[in-house]
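K.L.:
Below is the structure I would like to discuss, written out as structure tokens.
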Amino acid sequence: MFCVVALAATGLTATATAATAADPPRWGFAVIRIDGVPDSSRQGGSWPGGYRVQTTLGGPGQVFVRFPQIGRASGGVAHVTAISSSADWCQVEGWWQSGADEVVAVQCHRYGVGPIASWFSLSFGDSSQYLPMPRAFGYVHWDGSAVVSRFNSSGPAAVNTVEPTSLPGVWWAVLPGFGSEVHAGNIQVTAVDPSVPARCKVAGWQPTPPAQRIVVRCYDATGAPLSTGWSLTYHRERPVVGPSESNRFAYTFHIAPGTSVSPMTMAHLNYNSRGGTVQISGSPDGPKKQVVFTEVGAPPDNVQVTAVGYNAEFCNLSAPWDWYTTRVMIRHVVCYNGNWKVDHSAMITYAAR
């Protein structure tokens, strides 16, 4: 899984916006039901008390989500995961400031069907806080031709870049300053396209002492390679929404059977901010995986999932997660090859308010 295929790549030189140390952190998350209504127990963010997430329905499967009081003229990064018992996925169409708010447009699809109304879990994060290693938070938003926003918590001299390759729908994302000898942390990738169905995933990961080098691959509705936009967040010992007052977060990496990963590597891919355990177990029908994070569960909270692998498989959540005191139970992470459920590698991340 971690063997990165050699790719002919070219450097990218593009002007892009970046958060500065003076900008306040802004973040939010929400679960949106199939009718477009936000779930009141599953929304939270850096906005003041008394504000709520609002939504507006668009075309089939399209929802505009308004996060209150966290709007910014540029920057930030959005991720979305479909919540469905079918082969559904969701993509972000874009995000922008509207008055004091931040609006994120989401479009959901069902494999072989087309646009479909679906539950989904959405997060938006922006940061200005530099962090001492090994803690790390960095993102990059690629619009299909250039980097349009990015941030790197290792310091102002570290600039995240994207290197297009000679293969359609394949890029290297390079995040300097976060280097490590082994795979460590968590990665989330989401397709960003306002025009056509698209989904993206992590296709390879090469840690080096100077930087994390991550391969992103994107596909169209049929599973063919697609040149499109995407957003990527790398976080290590920090929540996926960036630095926040919360110390309840966790992440893990489900490695599909047959993938050889050393115990040393796995130790750096599992993290629980409250010192609890990270558990992954199967279900009677095989491809479904239950993920349990102990000690950190507390609504409101959010879960994001990204498929990891070289082909067109994608993953979602079959249902919203549950809480048992401070234990959060994610039932289930499900991955698909077309309409078929498959046991596929995936990164899972959890953050609470």
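K.L.:
Return the only residue of Gly275, Gly286 being surrounded by fewer than 13 Cβ atoms within 10 Å (Cβ to Cβ) and either in contact with a helix residue (DSSP H, G or I) (Cβ under 6 Å, 6 or more places away or on another chain) or modelled with pLDDT of 90 or more (or both).
P.N.:
The match here is Gly275.
K.L.:
For region 79-107: of the residues being under 16 Å from Glu313 (Cα atoms), in a strand (DSSP E or B) and not aliphatic (A, V, I, L, M), which is nearest to the chain's Cα centre (by Cα)?
P.N.:
Checked region 79-107; the qualifying residue nearest to the chain's Cα centre (by Cα) is Thr81.
K.L.:
Take the residues in region 23-73 that are of a type in the set (Lys, Arg) and outside any strand (DSSP E or B); name whichever of them is most open to solvent (accessible area, probe 1.4 Å).
P.N.:
Arg52
K.L.:
Give me the residue from region 119-142 that is of a type in the set (Ser, Thr, Tyr) and more than 19 Å from Asp301 (Cα to Cα) and, out of that set, most open to solvent (accessible area, probe 1.4 Å).
P.N.:
Tyr130
K.L.:
Out of all the residues in region 309-339, which are open to solvent by less than 30 Å² (accessible area, probe 1.4 Å) and of a type in the set (Phe, Trp, Tyr)?
P.N.:
Answer for region 309-339, where residues must be open to solvent by less than 30 Å² (accessible area, probe 1.4 Å) and of a type in the set (Phe, Trp, Tyr): Phe314, Trp321, Tyr336.
One line per residue, one yes/no per condition, for (1) at negative phi; (2) in contact (Cβ under 8 Å) with a residue 24 or more places away in the chain; (3) assigned to a strand (DSSP E or B):
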| site | (1), (2), (3) |
| --- | --- |
| Gln279 | yes, no, yes |
| Gln290 | yes, yes, yes |
| Val296 | yes, yes, no |
| Pro299 | yes, yes, no |
| Ala307 | yes, yes, yes |
| Tyr310 | yes, yes, no |
| Met329 | yes, yes, yes |
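K.L.:
Further question: When both residues are 6+ apart or on different chains and their Cβ atoms are under 9 Å apart, which pairs have a first residue that lies in region 111-123 and is free of Cβ contacts under 8 Å to residues at least 12 places away in the same chain, and a second that is assigned to a loop (DSSP other than H, G, I, E, B) and not hydrophobic (A, V, I, L, M, F, W, C)?
P.N.:
Close Cβ pairs satisfying both conditions: Val113/Ser86.
The values are calculated or read from the model by the stated rules, or taken from the named source; none is laboratory data. Worth saying up front: this structure is predicted, and the values here are computed from it rather than measured. Please note: Cβ atoms are built from the backbone with ideal geometry, for glycine as well, and neighbour counts cover all protein chains shown. Surface accessibility is based on the protein's heavy atoms, side chains included, excluding ligands, DNA and RNA. Shrake-Rupley method; radii C 1.70, N 1.55, O 1.52, S 1.80 Å.
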